[in-house]
Amino acid sequence: GAGVSQSPSNKVTEKGKDVELRCDPISGHTALYWYRQSLGQGLEFLIYFQGNSAPDKSGLPSDRFSAERTGGSVSTLTIQRTQQEDSAVYLCASSLVGGIVPSYEQYFGPGTRLTVT
Amino acid sequence: TQLLEQSPQFLSIQEGENLTVYCNSSSVFSSLQWYRQEPGEGPVLLVTVVTGGEVKKLKRLTFQFGDARKDSSLHITAAQPGDTGLYLCAGAIFRGSTLGRLYFGRGTQLTVWP
């Protein structure tokens, strides 16, 4: 079956502009995650959705960042008034079950490379 | 604050050598996973360990979860150039509002030369 897809694959934007990044999770996966990865770094957690609600948004770096998920499926990460430090690869992952199951697997998309000039 | 510390950060070895990557924390994890990431792609799950002391083998890769569930190691035997990539450990802690998220280490960049 289809894996996690993300669009666009690359985005170059000018400082101060707003951007929207899209994630299509694996069909039937109830949990969805957004991460950010800077050059040569590990993954920085941003936000986690269970269904359409976000029980953990503690990783969003500022109020310029927001995310929503509709229909328990597609999610959009929006960055307003982009800054150069927002440049990174934004990764989305989904899993079949999030929460109290002691082990679960996250499946990642290829990421969106965002460059703010 | 980095909850999981990975070492070494970089590893460059010749084909055929053995290597071990470590993932350490002062926190107890409900489960721990290892991922491998290649340039331009998202991480791909290699293994999940759940039980303290658990050892899992995947061909030439051996994964171990510490008895106290605070640390893990990845051992590769007879490394091959195809093993080159960024290896990431990630732990899950199931409590309160942090249900569902993974805590990632910074990764170990492995390069295997022919």
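Nothing in this text is a laboratory measurement; each read-out follows from the coordinates by a stated rule. Fair warning: this is a prediction, and the values are worked out from it, not measured in the lab. Cβ coordinates were reconstructed from backbone atoms using ideal geometry, including for glycine residues, and neighbour counts include every protein chain displayed.
Kindly identify chain B as rounded, prolate or oblate by the Cα gyration tensor criterion: order the square roots of the eigenvalues as a ≥ b ≥ c, call it rounded if a/c is under 1.5, otherwise compare a/b with b/c, prolate if a/b is larger, else oblate.
Since a/c reaches 1.5 and a/b is larger than b/c, the shape of chain B is classed as prolate.
At the listed q of 0.12, 0.14 Å⁻¹, the Debye profile of the stretch A:5-111, built from one uniform point per Cα, gives log10 I(q)/I(0) equal to -0.37, -0.51.
Across the options B:Phe29, B:Gln6, B:Gln64, the greatest Cα extent toward the positive end of the charge dipole of the protein assembly as shown (unit charges at beta carbon of Lys, Arg, Asp, Glu) belongs to B:Phe29.
Given an 8 Å cut-off on Cα distances and at least 6 residues of separation, report the relative contact order of the stretch B:5-113 as a percent. Relative contact order, the stretch B:5-113: 36 percent.
Please compute the contact order of the stretch A:19-103 in relative form: average sequence separation of alpha-carbon pairs under 8 Å and at least six residues apart, divided by the residue count, as a percent.
Worked out over the stretch A:19-103, it gives 40 percent.
Rounded to the nearest 20 debye, the dipole magnitude of the protein assembly as shown is 220 debye, with +1 charges on Lys and Arg beta carbons, -1 on Asp and Glu beta carbons, and the Cα centre as origin. Packing here is the average count of other Cβ atoms within 10 Å per residue, and on that basis the peptides A:56-64, A:74-82, B:10-18, highest first, run A:74-82, A:56-64, B:10-18.
Size descriptors for the protein assembly as shown (Cα atoms only): Rg and Dmax, in that order, 17.6, 50 Å.
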